[in-house]
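The values are calculated or read from the model by the stated rules, or taken from the named source; none is laboratory data. This is a predicted model, so every value here is computed, not measured. When we count neighbours, we look across all protein chains shown, and the Cβ atoms used for this are built from the backbone with ideal geometry, even at glycine. The area values use the complete protein model at the heavy-atom level, side chains included, leaving out ligands, DNA and RNA. Shrake-Rupley method; radii C 1.70, N 1.55, O 1.52, S 1.80 Å.
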Amino acid sequence: MVALYPGPVEVGGIRLRNHLLLAAGILGTTGASLARILANGAGGVVTKSIGPSPKEGHPGPCLVVVDGGIINAMGLPNPSAAFVDELASLAGEPVIVSIFGGTPEEFRTVAGWFAGKASGLELNLSCPHAEGYGAAIGSDPALVQECTRAVASLGVPTWVKLTPNVADIAEIGAAAERGGADAIVAVNTVKAMRISTALRRPVLGNRFGGLSGKAIFPVAVRCVYDLYEACSIPIVGCGGVSTADNVVEMMMAGASAVEIGSAVIDDIGIFAAIADDLYSLDGIDAGEIVGCAHA
Amino acid sequence: MHEQMPAGVTITEIVEETPSIRTFVFDREIEARPGQFVMVWVPGVDEVPMALSSPFSITVQKVGDATAALFAMHEGDRIGVRGPYGNGFAVSGRTLAVGGGVGASPLLPLVTAGLVDTFLLGARTASELLFENRIRGAATLMVATDDGTAGHHGFVTELVSRVDLADFDHICVCGPEIMMTAVLAVLDREGCAERGLFSLHRYMKCGVGLCGSCCTDPHGLRVCRDGPVFSGDVLLDSEFGHYARDASGSRRRI
Ligand SMILES: Cc1cc2nc3c(=O)[nH]c(=O)nc-3n(C[C@H](O)[C@H](O)[C@H](O)COP(=O)(O)OP(=O)(O)OC[C@H]3O[C@@H](n4cnc5c(N)ncnc54)[C@H](O)[C@@H]3O)c2cc1C
Ligand SMILES: Cc1cc2nc3c(=O)[nH]c(=O)nc-3n(C[C@H](O)[C@H](O)[C@H](O)COP(=O)(O)O)c2cc1C
Ligand code: FES
C-alpha cells in the first residue's frame, strides 16, 4: 500500500492536522466529544448539523445497525444557536460547523452565528427545501448555487456536502463550485429502509432513512470520481471509509481528504489507528496520488 | 459489526410492582451483564433505553409517552428490543447497593446473582419500594422512605452514613441524579469515590455510541457505550449533578 508523508495539510481553505476528519452527525453534539475525537487522532472534526431553530429529531428507533452498515433517521436534532457555547473550549482547533436551513436566507443566518468561531462551515444540503415539495435542496442545482453563495459570500471557508441521491452528482458539484464553494464533500447517506419482519413495520420511527458505513464505500468512490472530472475545487471523500487503504482509494478517485463516520462504531480510536497505517516518514506527498486513477 | 435489528418479543406477563412501576416479562432471553440495558421499541411511539431487571424483563416507571404506551399494553402484545448495550456493573469482593425508586431495577440482577451483601433501598413512600421482598431474601436490606411510611424517615443517602464503607469493595448506585450526587459526595468525603459505581441516565437515541446524544462533559464519555456505569472518581468535577442535555442537545439543569 502507498504510505503518505505525515503532517498538517490545507484543504478548501482549512488547515487540518492530517487527512482524516470526523464526519457530521457522529459524536458531534458536544464540544467535549469533539475534543475527544481530536485527541484521538482526527485531523479535523465536523459538528452535528445545526439549523435555524432547536429540533428534537424523529421519534425512535433513529438508528439500526445492519449488515455492512448503519441506517439512520435522526431527524437533524440540534440545539440551534445555543451550540455556539459548545465551541467555546475548541477555539483555534480544526473544527468545521455543519449547518442546514430550508432556504438560502436560513443558511446565511445560521452561518452568521458561527463565522469567526470555527475553521469553516459545511453545508448539509440533504434537508428538504422549506418552500419546495419535500425534495432535498441538494437535488436542485440552482438552489445549491444560491445556498452556497449565501454562505460563501460571508468570507468563511465553505464546504458543500452533497447527497448521492441524485441522477447526476457532477452537475450539483459544479453548481456548488459556481456558488463559491471552497471544497465539496461527497457523500451524505444513501436512501434506505428496513422492515421488521417480526413487527411487520418499518424499523425506523421515520420509516425511511439513510445508509452509511462499508456498504456505501463503492457508491462514494464513484461519486468522488465523477466530481473530480467535473470540478476544479478540492473534494473531501466520505462514505464507508474504515481503513488506510480506503483512504488511499478515495484519494486516487480524486479526494484531497476524507471524512469518517460510521467506522467509529467499531473503534472510537479509528483515526489514530488509520493514521498509524497511512503515514510514514518515508511516505509520499498526497498530491502524487489525488486523482491518479483518472490518468 | 454484526446486524442488530430489533428482536420482536412478546410480552408474556405484566407484574404490578408498585402503583407507578410495572415489570414486563417477555419470551426471549437476553444474555447480559448486570446493569446493561436494551433499547425498547414501542411500535408507533418511540424507542427508549431500559435496564434489564432480569434476562427476560424490563421494569418500567410511567413517566411520559413511551412508558405510558407500554403501560397500555397487554400480555400477548409485541415490542422490539435491541441490545444488550453498555458496560454494566463489574464487581468483586463485598458489594453495597444503593437504589432509589426505579433505580433498583438495574441493581436487581446483581442481587439475583448473589453479588450484593447489603442493599440500601429508598422510595418516596412505602408502597413505591421496588423489589423489597426479593432483595430481603438475598441481602441485608435497609429501607428509607421520604415520608417515613417504612424504615428510615428521610433519604436513602442518609443510610449510607450508617454503614461502614470500609466493609465494601464496591458501592453500586442507581436512582435519581440528586440522590446519586449526594451518595458521591459521601464517598468523596470518605476518600473512596473510586469504589462507587454509578449508573447514569442521559438522553439516548442510538444506544451504540455514534450519535452523540448521551455524551457527557468534560471528557466526552458516552453514557450508552462507555457507561452507563461510571466510577465515582470519573464523575467528580463533571456535569454529573449539574446539568444534562435534552433530545435537541440543549443543556438543562438537573
Ligand atoms: C441506561 C438507562 C437505563 C434506564 N433504565 C430504566 C429502567 O430500568 N426503568 C425505567 O423506568 N426507566 C429507565 N430509564 C429511563 C427511561 O429511559 C425513561 O424514563 C424513558 O425514556 C421515558 O420515556 P417516555 O417516552 O415515557 O418519556 P418522555 O415523555 O419522552 O420524557 C420524560 C423524560 O424521560 C426521559 N427520556 C425520554 N426519552 C428518553 C431517551 N430516549 N433516553 C433517555 N431518557 C429519555 C427524559 O428525561 C425526559 O425528560 C433508563 C434510562 C437510561 C439512560
Ligand atoms: C448517526 C448519523 C448521523 C448523521 N448526521 C448527519 C448530520 O447531522 N449532517 C450531515 O451532513 N450528515 C450526517 N450524517 C452522515 C455522515 O456525516 C456521513 O455522510 C455518512 O454517514 C457516510 O459516511 P460513513 O459511511 O463514514 O458514516 C450522519 C450519519 C449517521 C450515521
Ligand atoms: S445514544 Fe447515541 S451516542 Fe449514546
Please state the Cα pair-distance histogram of chain A with 10 angstrom bins from zero: what percent is in each bin?
7, 31, 39, 20, 4, 0
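Can you figure out the FRET efficiency of B:Thr181 with B:Glu29, using R₀ = 45 Å and their beta-carbon distance, to the nearest 0.05?
Working: r = 35 Å, r/R0 = 0.78.
Efficiency at R0 = 45 Å is approximately 0.80.
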In order through region B:246-252: 3J(HN,Hα) via Karplus (6.51 cos²θ - 1.76 cosθ + 1.60), integer Hz, x for Gly, Pro
8, 4, 8, x, 7, 6, 10
Can you give the accessible area per residue of the protein assembly as shown, in Å², using a 1.4 Å probe?
38
Using modelled amide H (1.01 Å from N, peptide plane; none on Pro or chain starts), what sits under 5 Å from the amide H of A:Val11, excluding residues fewer than 5 places away?
A:Leu16
Extension gain B:Val15-B:Ala68, at 0.36 nm per residue separation less the Cα-Cα distance, in nm?
17.6 nm
Volume per residue that the Cα convex hull of region A:90-240 spans, once the total is divided by residue count, Å³
130
What does a probe at B:Ser127 reach in region B:6-29, counting residues whose amide N is under 18 Å from the point 7 Å along Cα→Cβ?
B:15-23
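Counting Lys +1, Arg +1, Asp -1, Glu -1, what net charge surrounds B:Val183 among other residues with beta carbon under 14 Å of its beta carbon?
Around B:Val183, the charge tally is -3.
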Relative contact order of chain A, defined on C-alpha pairs under 8 angstrom at six or more residues apart (%)
21
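For peptide A:261-271, how many partner chain Cβ atoms fall within 10 Å of a residue's Cβ, on average? Can you show the working numbers first?
Details: counts 1, 2, 1, 3, 6, 2, 0, 6, 0, 0, 0.
Partner-chain Cβ atoms within 10 Å, mean over residues of A:261-271: 2.
At a Förster radius of 56 Å, what calculated FRET efficiency corresponds to the Cβ-Cβ distance of B:Asp167 and A:Asp277, to the nearest 0.05?
On the way: r = 50 Å, r/R0 = 0.88.
E between B:Asp167 and A:Asp277, to the nearest 0.05, is 0.70.
How long is the gain from A:Asp67 to A:Lys191 if the chain were fully straight, where each residue apart is worth 0.36 nm and the alpha carbon distance is subtracted?
43.1 nm
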Can you spot the aspartates and glutamates whose alpha carbon is less than 19 Å from A:Lys161's alpha carbon? Ignore those fewer than 8 places along the same chain.
A:Glu10, A:Glu105, A:Glu106, A:Glu122, A:Asp140, A:Glu146, A:Glu171, A:Glu177, A:Asp182, A:Asp226, A:Glu229, A:Glu259
Please report the net charge: other residues with Cβ closer than 11 Å to the Cβ of A:Ile274, K and R +1, D and E -1.
-4
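Counting only other chains, and only Cβ atoms inside 10 Å, what mean value do you get across the residues of B:3-12?
4
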Quick note, region B:7-85: a/c under 1.5 would make it rounded; otherwise a/b > b/c is prolate and the rest oblate (a ≥ b ≥ c, C-alpha gyration tensor); here it is rounded
Collect residues whose amide H, placed 1.01 Å from N in the peptide plane, falls under 5 Å from the amide H of B:Phe119; neighbours closer than 5 in sequence don't count.
B:Ala97, B:Thr140, B:Leu141, B:Met142
Sequence order, region A:188-202: Karplus ³J(HN,Hα) from phi using 6.51 cos²θ - 1.76 cosθ + 1.60, θ = phi - 60°, Hz rounded, Gly and Pro as x, gives 7, 6, 9, 2, 7, 7, 9, 10, 6, 5, 5, 9, 6, 8, x
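Sorted by packing (mean other beta-carbon atoms within 10 Å per residue), highest first, where do A:70-80, B:8-18 land? It would help to have the intermediate numbers written out before the result.
Working: A:70-80: 24.4, B:8-18: 16.4.
The peptides rank, most packed first, as A:70-80, B:8-18.
Less than 11 Å Cβ to Cβ from A:Met252, Lys/Arg counted +1 and Asp/Glu -1: what total charge do the surrounding residues give?
Values: positive: none; negative: A:Asp245, A:Glu249, A:Glu288.
Net of charged neighbours comes to -3.
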Under 5 Å from the placed amide H of B:Phe89, counting only residues 5+ away or on other chains, we find B:Gly35, B:Gln36
For region A:191-295, what class follows from the C-alpha gyration tensor (a ≥ b ≥ c being the square roots of its eigenvalues): rounded when a/c is under 1.5, otherwise prolate if a/b is larger than b/c, else oblate?
oblate
Heavy-atom accessible area, 1.4 Å probe, ligands and nucleic acids excluded: residues of region A:43-65 down by at least 50 Å² from chain alone
A:Glu56, A:Pro61, A:Leu63, A:Val65
Regarding the protein assembly as shown, what are the three Cα extents along the principal axes, ordered largest first, in Å?
77, 49, 43
Over all Cα pairs of region B:95-253, the Kirkwood radius sets Rh, and Rg/Rh then becomes 0.97
Using θ = phi - 60° and the Karplus curve 6.51 cos²θ - 1.76 cosθ + 1.60, what whole-Hz ³J(HN,Hα) does each residue of region B:27-41 get, with Gly and Pro shown as x?
8, 9, 7, 10, 5, 8, 8, x, x, 6, 10, 10, 8, 9, 9
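If I take every Cα pair under 8 Å that is 6 or more residues apart in region B:95-253, average their sequence separation and divide by the length, what percent do I get for the relative contact order?
Values: 301 pairs, mean separation 28.0, N = 159.
About 18 percent, as a whole number.
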Gyration tensor (alpha-carbon) shape descriptor, region A:119-206, a/c threshold 1.5:
prolate
Please give the residues from region B:195-225 for which the solvent-accessible area of heavy atoms, probe 1.4 Å, is smaller by at least 50 Å² with all protein chains in place than with the chain isolated.
B:Lys205, B:Leu210, B:Cys211, B:Arg222
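Rg/Rh for region A:1-144 to two decimals, with Rh computed the Kirkwood way over all alpha-carbon pairs.
Numbers: Rg = 16.0 Å, Rh = 16.3 Å.
Rounded to two decimals, Rg/Rh equals 0.98.
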